[in-house]
């Protein structure tokens, strides 16, 4: 059996994070003497120096201390999971759950996920962060999120995922547009008209690739990083847009009508996925959310609900 305790590891982790024994003690709601004693005893048991203590200058980690800090993060997390599981008899989920979601997808996906957590697992403390495709994967890989929902485009290595639904691109037109009554349009039919570009990763990259494959250069009249502003500008007649996410209602934020036309020839769809770090074992709450999302993918797809 190891000679150290989880409490000693917890105190060491707090000191490593705060860079100060007194600051760690304040965070833990214990005395600095208790933290210093635990740290000294941990160094004695491990027979190595973990920190360099400098009076009035806090602490710095030794190479061994840095190594230990990285290794114990998962151990402390597993210990917390075990305590929560035992408290609930292995049945009730409880504890924090951090969910990220791509901004344009969030309005149609996040409320359903939040509702399920609220109704089925009220002791789960769910927090939601929205952002771009560039932000969310990095937050996953650095431990800031448990799981995230986004597109399967431009993802870094180190992520696992389950597919939720496909989102084929389409043309968004003003209701009075000459092509508004059509089921499908070709990009070439819109090439001479002003375009409103949703310039929010990965939407802009995906749109540029569509035009490159068609051999067309769009006339970009306006750029915006806001999905609803893009739809409102189209509804006001400032131009057309090419989008992926498809709300269930064909009206703008101002309640003005919009027309949607599929692209012809049909372009490859972007896939909406729920993702998580490959090297991190999902906690019970995140695993349950992934399972629910995969099982209820049809409910998350706005096209099916429409």
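The values are calculated or read from the model by the stated rules, or taken from the named source; none is laboratory data. Bear in mind that the values here come from a model prediction, so they are computed numbers and not experimental data. Cβ coordinates were reconstructed from backbone atoms using ideal geometry, including for glycine residues, and neighbour counts include every protein chain displayed.
Observations
- In the stretch 29-60, residue surrounded by the fewest Cβ atoms within 10 Å (Cβ to Cβ) [restricted to those that are in contact (Cβ under 8 Å) with a residue 40 or more places away in the chain and in contact with a strand residue (DSSP E or B) (Cβ under 6 Å, 6 or more places away or on another chain)]: 60
- Scanning the stretch 179-215 for residues that are under 25 Å from residue 154 (Cα atoms) and over 33 Å from the mean Cα position of the chain (by Cα) returns a single hit, 215.
- For the stretch 277-293, the set of residues classified as part of a helix (DSSP H, G or I) and either surrounded by 15 or more Cβ atoms within 10 Å (Cβ to Cβ) or not assigned by TED's automatic domain parsing to the domain that holds residue 156 (or both) consists of 284, 285, 286, 287, 288, 289, 290, 292, 293, listed by residue number.
- Boolean, residue 226 is touching a residue at least 12 places away in the same chain (Cβ under 8 Å) and over 26 Å from residue 266 (Cβ atoms): yes
- Count - residues of the stretch 99-119 that are in contact (Cβ under 8 Å) with a residue 12 or more places away in the chain and either over 27 Å from residue 226 (Cα atoms) or not assigned by TED's automatic domain parsing to the domain that holds residue 137 (or both): 2
- Total residues in the stretch 1-21 satisfying the condition of being exposed (fewer than 14 other Cβ atoms within 10 Å of the Cβ) and over 33 Å from the mean Cα position of the chain (by Cα): the figure is 4.
- Any hit, the stretch 212-228, residues being touching a helix residue (DSSP H, G or I) at 6+ places or on another chain (Cβ under 8 Å), modelled with pLDDT of 95 or more and farther than 30 Å from residue 142 by Cβ: yes
- Output for the stretch 97-127, where each listed residue is in a strand (DSSP E or B) and either surrounded by fewer than 15 Cβ atoms within 10 Å (Cβ to Cβ) or more than 12 Å from the chain's Cα centre (by Cα) (or both): 124, 125, 126, 127
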